[in-house]
């Protein structure tokens, strides 16, 4: 069995405490992971000033080159995974085995990680809005005749990572390229990707001390959030709420992403069905950028029916089936609880589960040790508790709402794809305080532009601009 | 070894007979037990001859310890003696109370004999970095220090407030409170009191280590106008501590290894974990170290208390050696009789060994069926 050790200051650390990971279908042991104590994490974080100094001594040009090289290594070479040497294909199989995410998804998401590593210069240009990266070497410089000066906000960057989608690992990767040491707590079932990225970075020549993989319990996660100067936290609202007002923590919780149809386009809704389907169900519908609400001034029932008919055809398929469209729940109890929660909310009058009527069967599918949740489209009014709800499977509400009210009541929305050519509505959308990312026009919510920030700007999280003057003596 | 095990068992059976006679005799008995005996279908004075006979009493329900009058627990034979009351929990509803007269002194004097003088020098002073309030530990550590010829310095620590903060999810406030506790201990350590020994819990040990490494004791010295000694004060060893007596169920092998390797200079500062509570007294551990992967095995102070590791579905059935079970506790002192109390912990049954020729328990952790509803190790 594979043993995945922690990585403490770049050195492998085999703990006396381990957690076992099993195959979501067979229940066979796949790996055991060393678990480290919160106090060990705190001790290592206290050394991050030294690690930061090592990174600072390297030029940005060299850092970028090393991260790009890590992208090549990540996708093509055998890399250490504890006691074993792991190929990219083995990595994908292990990732799928313990998370329940189909291999086809895992491969696609690993591709995103590889893309970000290989194109880190483009990503950094997007995050920094094109500053000359050499400015980060000296701390100051000039661009277009103006003095620019940046100082780091922290000595290390922590990330409390999820297990549900390996694509999220593309989000923390730029931190190391920006010369900030990493302290990562992997999701319980997903140590594979962070381990592989860190091993690729090591092989590419990044100073080991700046690379920390800290599998730990909730208390360990708390120590990372307390100790690292800046961090990133993934989780549902019960996990993220305590940190909502902590500026040091960038929260990645539910997205409540939406498609908004304007008065001018509502009658053309059939033209956007494929866009809606992709936005709802791409990547198994588990991402915060998947749409969980379609808001339209009219035709709500017809849109729900059309989406329901298409999504009712989606079936639960095995993890190694190339046609798989849904991720399995490695813990079937979680699927049961989510489905029961949806059923419970459907008891409130005013909502119809359109897909269940079409399908004639429950959304919950159990087979052996695992379970799936089939796509669900609910038609309801704006005040219904299911109108603004997000679940860990392809789910969307279709609600009717006058355009004039939409932006008052949509609530926080990570991605809004607005289908309108109405210039006044477009202007209102641009001014909306609720929307994080705006797609004007028929752009699926799941399609990212990599040269723009996502859920906060990692560069401004890790660096602050300050005034700087100097004169000769 | 067989002879030692047999002798220990005979002592335990004799203790059972003596203690049951004491607590159920009309002259010396405990009002609670005398009253309880009226409902028994057996006669404790005639039918209890050995440890196994304690099964007749069934399991002890800790709910009996909530509320008063607490005097019902004072044996008639000890009437007139000064009585302490120690409490556990107490964040919701009534706390559980236990009366004590001399037990804590006896328990800790016995434990004192297991402490190596090299690391816990006689006459040296102690720091009690642990809970205060209506708890046995505060007085017991102070008595231990005095028994060994030293003086004990204490901090103020209210664990009930910490539990409330955690339940309110006020994590930042809980951390501030922890810092407040550590700051008090730094003030004591900066006071030239020649402190060499310490009691602490795993969490506070780690917090003290973190504060020392961050230079907070050195800062304290400077703020008091004192010179930082050569070599600095950035480790537990460097601030003069040579022995640590520590307690808490979160003593996992990995934490113990971390303490040994990363906080205590690879065992140069001696640490002995203990397992105990207000009901039992305290159990000592076999010496810890890398040779057995930092495994911690506890042994109750038999015959005054005994630990069994039992099938959680059938408390009468002791599990095999090495197997996991719930910890069942029995206390057998003149002050307090507790037969077969299911602790909130589980662990693996350990065989007798030379120093403690009776059963022990290792890998102690919160009983899995209670783990999600229990807040442990808050300080």
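Things worth noting here:
- Cα gyration tensor shape for chain A, rounded if a/c is under 1.5, else prolate or oblate: oblate
- Rounded tilt (10° steps) of A:218-227 against the dominant C-alpha axis of chain A: 60
- Between residue B:214 and residue B:365, full extension at 0.36 nm per residue minus the direct alpha carbon distance yields a gain of 51.3 nm.
- Among B:23, B:180, the order by Cβ neighbours within 10 angstrom, fewest to most, reads B:180, B:23.
- Prolate is the label for the protein assembly as shown. Its Cα gyration tensor axes, ordered a ≥ b ≥ c, give a/c of at least 1.5 and a/b above b/c.
- Only Cα pairs under 8 Å and 6+ residues apart enter the sum, and on that basis the relative contact order of chain A stands at 18 percent.
- Centre separation in Å (Cα based) which lies between the range A:404-455 and the range B:252-294: 57
- Between residue B:226 and residue B:18, the modelled label-to-label distance comes to 4.6 nm, taking each label 7 Å out from Cα in the direction of the beta carbon.
- One Cα centroid belongs to the range B:44-115, the other to the range A:27-104; the line between them spans 53 Å.
- Per residue of chain B, the DSSP helices (runs of n ≥ 4 H) give a summed -39500 (n - 2.57) that works out to -9000 deg cm²/dmol at 222 nm.
- Structure remark: mean-square fluctuation, Gaussian network model of chain B, C-alpha springs under 10 Å; the largest value among B:168, B:334, B:271 belongs to B:168.
- FRET efficiency for the residue A:421 to residue A:447 pair, using the beta carbon distance and R₀ = 22 Å, is estimated at 0.65.
- Here's the picture: a label point sits 7 Å out from the Cα of residue B:7 along the beta-carbon direction, and within the range B:297-335 the residues with their amide nitrogen under 20 Å of it are B:299-306.
- Across the range A:26-171, Cα pairs under 8 Å and at least six residues apart give a relative contact order of 27 percent.
- Cβ-derived FRET efficiency at R0 35 Å, residue A:367 paired with residue A:274, nearest 0.05: 0.75
- Degrees, to the nearest 10: B:103-112 long Cα axis against longest axis of chain B: 60
- Residues B:40, B:275, arranged from fewest to most other Cβ atoms within 10 angstrom of their Cβ, appear as B:40, B:275.
- By DSSP, the beta bridges lying fully in the range B:34-294 are antiparallel in about 35 percent of cases.
- Neighbour-count order for A:370, A:214, A:149, fewest beta carbons within 10 angstrom listed first: A:149, A:370, A:214
- Summarising the strand pairing of the protein assembly as shown, around 50 percent of its internal DSSP beta bridges are antiparallel.
- Shape category assigned to the range B:34-294 from the gyration tensor of Cα positions, a/c cut at 1.5: prolate
- For chain A, the mean residue ellipticity at 222 nm estimated from helices alone is -11000 deg cm²/dmol, where every DSSP H run of n ≥ 4 contributes -39500 (n - 2.57) and the total is divided by all residues, rounded to the nearest 500.
- As a calculated quantity, the FRET efficiency between residue B:132 and residue A:434 at R0 = 35 Å, using C-beta atoms, amounts to about 0.10.
- In this label model, residue A:89 and residue A:246 are separated by 4.3 nm, measuring between points 7 Å along each Cα→Cβ vector.
- Virtual spin-label span in nm between residue B:319 and residue A:323, 7 Å along Cα→Cβ: 4.8
- Here the contact order of the range B:34-294, divided by its residue count and restricted to Cα pairs under 8 Å and six or more residues apart, works out to 15 percent.
- Multiplying the residue separation of residue A:405 and residue A:218 by 0.36 nm and removing their Cα-Cα distance gives an extension gain of 63.2 nm.
- Multiplying the residue separation of residue B:39 and residue B:344 by 0.36 nm and removing their Cα-Cα distance gives an extension gain of 107.1 nm.
The numbers here are math on the coordinates, done by the rules we state, and not lab data. What you are looking at is a predicted structure, and each value in this text was computed from that prediction instead of being measured. Backbone-built Cβ (ideal geometry, glycine too); neighbour counts: all protein chains shown.
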